[in-house]
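Below is one structure, written out as structure tokens; the observations come after it.
Bear in mind that the values in this text are calculations on the coordinates, not laboratory data. Since this is a predicted model, take the numbers as computed values, not measurements. So basically every Cβ, Gly included, is an ideal-geometry build from the backbone, and we count neighbours across all protein chains shown.
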Amino acid sequence: MLQAYGARSSRDPAHTGGPTLHSTVSAAITPAFLAGMALDGLGFLASLVSARLIPLFLSQTIISANLVVTALLGIVVLGVRLGGRDWLAIGTVVVSLLVLGFTTGHLGTGTGPPGLHWALLVTALVILAAAVLLVRFLGARAAIPAGLIAGVLYGTMAVAVRAADGIDPFRLSALLTDPAAWTIAIAGLGGFYLFTVALQLGSVNGAAAALVVGETVIPGILGVVLFGDTARPGFDWLVVLAFCAAVAGAVAVAIFGKIDSSN
């Protein structure tokens, strides 16, 4: 909510095209946005730990549940009234996360295929470059695509965190020379930039819903395929069902919620 307010308050109403670098920087230095960034920083550090300790399909889905917290804060801070479908979506997310927590198996021990670290870095650079061009081409219509691509970059960052060398045990030299570590920085900053653009251009709800899809689905699947994340024996079907329900519920919270940056 803080970042959305800061992004919108810095936008020039007379400018109808896509955001410029200047407008994005202006949004990022407003007091409200800076406060949101500080909270984002704490969340970012926690997400790094989470991606290393539990399967990605669980850690990324939990992160997406921040939309539930936003909706509930909106009641207290902004006096927003949630309807029946909002509460249904929130309940779906909470129950699905509980089910995921009880049915998740072991953290995969795989390291991925050879060349994965360089592939992640190249992928992040290509996605970011293509996204910048797409935003310039679409202009004011780029809110949802920018939010989706921001989510994909955040998902790429989560995969890179899982793959990076030199974290456990900590070895600075290995970390600094690992392409996966550079992917974390590039994908993280790129995702942050694109989500800021999305908040400037359009509905907070639409951008957040697109972000959820991008940052949960792809890394969740890659965690299973590349690293061998598992469910408890016999509960694979329930993990898939709960994962899909949690993502759908989070998207519904974003779409149905009445939190808007104009507040």
### Summary
Measuring from its Cα centre, the chain shows a charge dipole (+1 at each Lys and Arg Cβ, -1 at each Asp and Glu Cβ) which, in debye to the nearest 20, is 400 debye
### Message
Apply the Karplus curve 6.51 cos²θ - 1.76 cosθ + 1.60, θ = phi - 60°, to the phi angles in region 59-65 and return the couplings in whole Hz, x for Gly and Pro.
### Response
4, 6, 5, 4, 4, 5, 5
### Summary
Once phi for every residue in region 96-112 is put through the Karplus expression 6.51 cos²θ - 1.76 cosθ + 1.60 (θ = phi - 60°), the whole-Hz ³J(HN,Hα) values, with Gly and Pro written as x, are 5, 5, 4, 5, 4, x, 7, 10, 5, x, 8, 5, x, 9, x, 10, x
#### Entry: ³J(HN,Hα) computed for each position of region 119-124 - Karplus, 6.51 cos²θ - 1.76 cosθ + 1.60, integer Hz, glycine/proline x
4, 5, 5, 4, 4, 4
### Message
Amide H of residue 231 versus every other amide H placed in the peptide plane: which residues, excluding those fewer than 5 positions away on the same chain, fall under 5 Å?
### Response
105
### Query
What fraction, in whole percent, of alpha-carbon pairs in region 137-255 exceed 23 Å separation?
41 percent
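Can you give the helix-only mean residue ellipticity at 222 nm for the chain, where every DSSP H stretch with n ≥ 4 adds -39500 (n - 2.57) and the sum goes over all residues, rounded to the nearest 500 deg cm²/dmol?
Only helices count here, giving -25000 deg cm²/dmol.
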